[in-house]
Structure formats: C-alpha cells, structure tokens
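Chemist: Would you mind keeping the following structure in view while I ask a few things?
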C-alpha cells in the first residue's frame, strides 16, 4: 500500500467548509431571497385562504400537485442512484454520491411541503396522523394519500440518515484538522459535535460500512415504492389517462430521469463554481451520461406505450384528454416536452462529445423543464376533462402559485448553498479509500479505478 | 507518550501490520491497542488476538420484521376498531395493507441499522479528549495508540513501535 492519499488536491474540497467563501455566502443570500417569495406567497394564501390560488372546479389539483410530483421525482437523483452505485460497487461513484444524496434530501423536504400548501389550512394536517383523540376521525389506510405520507416519511428519514452516516468520518477529519488550526472557532465546535466523537477504529469502520451497505439495500425498494405510490395517487382514480397499469413504472422511470437531469446540472455548476474538475471529471459525466441516455430511451418508450394504448382504445373520455394534449390547446406543451425529453437527448447523448459536462448539463436543463411539463399535462390535462363533457373547465395559475413554484427553486438553491458551507460536497474518506484501492490494485488497474483520473 | 498512552503515526497499512505483529509478539493485549484511520483499512489490520464483528445486517432484518409487524397491526387493529363503510369490500385488504406494512418494514430496518451502528461504534461520544497526534489522521496517516503503565511496559512498547517504523 502506498502512502497517504490526502494531498493538496483535497484542499479544494475542504476550503468551502473551513473558510468563509464570499461567493457561497452571496449564493445563499440570493437564493434565500428567492426562497422568501415562497413563504410570502404561502403566507398570503394562509391569510386569504385557498381561493387566491387558481385551482377551481373541476381542476382541483393544479401547480401544487404538479410541483409535489416534480420535486418528489427530483429526489430520486441521489439516494437511489447512490445506493445502486454502492451496491454494484461502481468505483466512479465516489465523487458523486454526496452531491446526489444532498439533492434527494432537499428535494424531498421541498416536495413534502406541497401537500401542506395544497391543503390550504396546513394546521389540520395532523388529522392524517393516526393519533386517537376525541375528534372522532381516523385516517383511511386504504387511501393512496395515506400511503404517500408513509412512503415519503420513510424515504425522507432513510435519505437523511443515508446522507449523514457517511458524513461522520468526514466531519471527524475536519474536526481533527481544525482542532489544530483554530481550536476555538465556531466551525471547529460544529465539526466536533457533528463528528459525534468518531475515532476511526477498525470496529467503527466495519460497523459503518455494514450500515451503509444495509441502508443501500433497504433504500432502493423504498425509493421505487415512493414514486410508485405517488403514481397511484392518480392511477387508483378512474379518470381518463390516469387509470393506467403502467403508471407505477412510468413514474419511477420519469423520476429517475429527472433526478439524473438535476444531478447533471448540479454537478456541472459545482465543478465550475468550486473548481473540483479533478473529482467531478469527464469520466463521471460520461458514465452518468450513459445512464441518462438509457433513461431518455426508457422514458420515451413508456410515453409512447401509454399514449398508443389510449389512442388505439379510442374511448370517448380518454380520447378527449388525448386530443387536447397532442393536437389541441396543450399540444405546444406536449411537443415541447417530447423535444426536450427525447429528441434533444437522443441527438446529444449518444456521442462521447455530447456526454461532456456542458452537453449533459444543457440536456439536463431541458429535461427538467420537460419533466415539469409532463407532470402538468398529467395533472391538469386530465382534470380539465372530467367524464361529463359539460363539466369541463380551465385552469390558470395565480401569482401565488407561480410565486410558490419560483420560491421552491430558490429554497432548493438556498439549502444546497448552505450545505456546501457545512460539509465537503465530495466525500473525503471515500475518495481517499478509492485512491488506496487503486494503489493496492497496482499501476495497471489504477487508471480504471481512480476516480480522479481524467479521460483523455 | 502522554497519559500512559504511546502514540505513533504510520503512513501505510503495511507498516501498521508489522507494528501490530511486534506488539502481539511482545504480549501487548489487544484491548490495549487502538488503531485509528481516516479510511477503512483492510480487515486483517487488527491488534493480534483482537477481532471486529458486527451484528449488521441481522439487526436490520429484525428491525424490519418488527417495523413491518407494528405497521400491519396498526392498520389491522385500528381499522377494525374504527370500521369505515367499504361497500362490502374487506376492512383490512391485504394489497393496501401490504403497502403500509412494506413502509413499516423499511422504516424499522433503517432505524435498527442506524441504532446498531451507533451502538457498535460507541457513538455519540462527544467528550472524549483528542490525542496529541490526531491531526495526522486528518492527513491520512494511521494512528496506533498503546495504553501502558508508566515506566513498566512503555519501554518495550516504544521499542516495538520504533522497530516497525525502521
């Protein structure tokens, strides 16, 4: 085994958490201000009641549910992808896992807000919690909405712990380092507490690795269940273009697709903003780009299958929704979605040059827009056309709903910028471990194993 | 040497392996030796006579079973206690109850996994004092600490560790 793997190249990862970085602070400030739009709009809605939103008969689910499904989909970026890469022992995962897991945690937090916002009166949310009281209400466990609560709570708890567990040794590295450099500083105190007294003994490493493995195995089916259950919010209702047996896998594929998209964009920005090209290198983008391409194809396949079945069946209520989506008022949205979700990815990602950081980030941005549109078409597209023609209606989002959407994006940025200042965005110990494994494997295999090896 | 403890920092696990063998040959008991590193080491790097073990993933399985059973019972017992009109359909249908049971299984497994890991690692332990060479761990060195009586065994312990570093 060669000597220590820690070196000057690690400084770029440690700097944002060990010193004040004006750029990150400004980032937090700007995104924090955008996040304030969410709370202002939500506060306005609470004071003036749900009527200030654009939802009305028959479109009772509007932007809030669209955003809910969108953010829960985004949350499939991290924990699921990270868990799959850990279980399959993909060596190139090491620089990716943490930035992906953080996306999951923050996206879930934001996604979980939307049912509360949609409720209009968030203070009655606890009625969904099974607590025996004299109010004479009890949650209906047969309802998919209850399954949602259970699944999202489980996934959020699992994702937070799955993010935090591998961070403990990194906090210990930072603690030991900062104790020498500035023992009295607030940051040192934070790292001391966050490290929980981690010492790095063989027993601790053994237990931690066993726990991470066990968590990875548990978290994969949970992640799949979460978006399947979200799809069942729709599929269990006998509504045109909702009541579909493939909605579960269709939503899971869409969720992972949008998750990979946000990961691509986040990694590109991190690489540029923090100068961590050595870690988030072309090889990582190339590998994730291939996964991205696979999901573009899968999503296109599911979308085709879903729409072909409806068109071929030619059932009156369903074809009304289908026609409005494909050739009617929502056609411009539908075809935009197809272009950004299928056409552009298939024009760029099959080629190695397209799987470079900039190419994948551009495709990722497009896919994010496209996947939001997909959720809008599913939610609003169907509700505009109930089974009785004379009850058809329209939906226009109000400024409150738009403000909450914009604010939620700000909130995601704010949480991410704050996280960047609290923990290394690339796992220090995992990268070091990767370097040690590469050293043990010898020079021949080193190139293949080292996460920092830049593709020519 | 501080507080009856001898600290040594090594650059590679090969050096640590040699040092541990020497300590073992000199009769230092495994519980007197502590190895610390910033990365997981090969699993054979333990004090001679010492061993590492974990109850994971079995506790995860048990936690999952407990969680799944608890959630199943929650749904079954409470649905029967507060029966809602279901139009002749079952009060506790297996497919829908299965969804919640699965989530309970997962949440039980997650909590049991983390609790076991914290217990086995002895965490949190916030008030343990830092050693004089702890900063070497941050720079990816491996720290070996030997607890010994002042004067009595420190000489041979120091010798063993120094020999390994030659």
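Chemist: On C-alpha positions alone, give me the angle between the axis of helix A:202-235 and the longest principal axis of chain A, in degrees, nearest 10.
Modeler: 10
Chemist: Next question, about the same structure. Can you bin segment A:340-403 into rounded, prolate or oblate? Criterion: square roots of the alpha carbon gyration tensor eigenvalues sorted a ≥ b ≥ c, rounded for a/c under 1.5, prolate for a/b above b/c, oblate for the rest.
Modeler: Oblate is the answer for segment A:340-403, as a/c is 1.5 or above yet b/c matches or exceeds a/b.
Chemist: From the C-alpha gyration tensor of chain B, pull out the three semi-axes of the equivalent ellipsoid (sqrt of 5λ each), sorted largest to smallest, in whole Å.
Modeler: 54, 14, 13
Chemist: Same structure again: Just to be sure I understand: if I project the alpha-carbon convex hull of segment B:58-121 onto a plane and average over all orientations, what area do I get in nm²?
Modeler: For segment B:58-121, averaging the hull's shadow over all directions gives 4.5 nm².
Chemist: Follow-up question, since we're still on this one. Below 8 Å, C-alpha to C-alpha, sequence gap of six or more: please give me the relative contact order for chain A in percent.
Modeler: Relative contact order for chain A comes out at 33 percent.
Chemist: With each label point set 7 Å from Cα along the Cα-Cβ vector, what nm distance links residue B:81 and residue B:52?
Modeler: 4.6
Chemist: How high is the FRET efficiency from residue A:353 to residue B:89, r the C-beta distance, R0 56 Å, rounded to 0.05?
Modeler: So, using R0 = 56 Å, E works out to roughly 0.45.
Chemist: Calculate the translational D of the protein assembly as shown in whole µm² s⁻¹ from Stokes-Einstein, where the hydrodynamic radius comes from the Kirkwood formula applied to all Cα pairs, the temperature is 37 °C and the viscosity 0.692 mPa s.
Modeler: Estimated via Stokes-Einstein, D reaches 123 µm²/s.
Chemist: Something else now. On C-alpha positions alone, give me the angle between the axis of helix B:154-165 and the longest principal axis of chain B, in degrees, nearest 10.
Modeler: Around 80 degrees separate the two axes.
Chemist: I would also like to ask the following. What value in Å³ per residue do you get for the convex hull of the alpha-carbon atoms in segment A:168-215?
Modeler: 62
Chemist: So if the hydrodynamic radius of segment A:221-330 is defined as the Kirkwood radius over C-alpha pairs, what does Stokes-Einstein give as its diffusion coefficient at 4 °C and 1.567 mPa s, in µm² per second?
Modeler: Answer from the Stokes-Einstein relation: 81 µm²/s.
Chemist: When the Cα centres of segment A:77-136 and segment B:64-90 are compared, how far apart do they sit, in Å?
Modeler: So the two Cα centres are separated by 25 Å.
Chemist: Would you report the distance distribution of C-alpha pairs in segment A:237-394 as whole percents per 5 angstrom bin, up to the bin with the largest distance?
Modeler: Taking every Cα pair in segment A:237-394, the percentages come to 2, 9, 18, 19, 16, 12, 9, 6, 5, 3, 1, 0, 0.
Chemist: So how far, in whole Å, is the C-alpha centre of segment A:149-215 from the one of segment B:99-134?
Modeler: If we compute the Cα centre of each part, the gap is 10 Å.
Chemist: If you consider only alpha-carbon coordinates, what radius of gyration and Dmax does segment A:139-206 have, in Å?
Modeler: 18.3, 57
Chemist: Kindly express, to the nearest 10 degrees and within the range 0 to 90, the angle between helix A:22-48's C-alpha long axis and the longest C-alpha principal axis of chain A.
Modeler: Between helix and principal axis, roughly 30 degrees.
Values in this text are rule-based calculations from the coordinates and carry no lab data. Quick caveat: nothing in here was measured; it's all calculated off a predicted structure. Note that each Cβ is placed from the backbone with ideal geometry, even for glycine, and that neighbours are counted across all protein chains shown.
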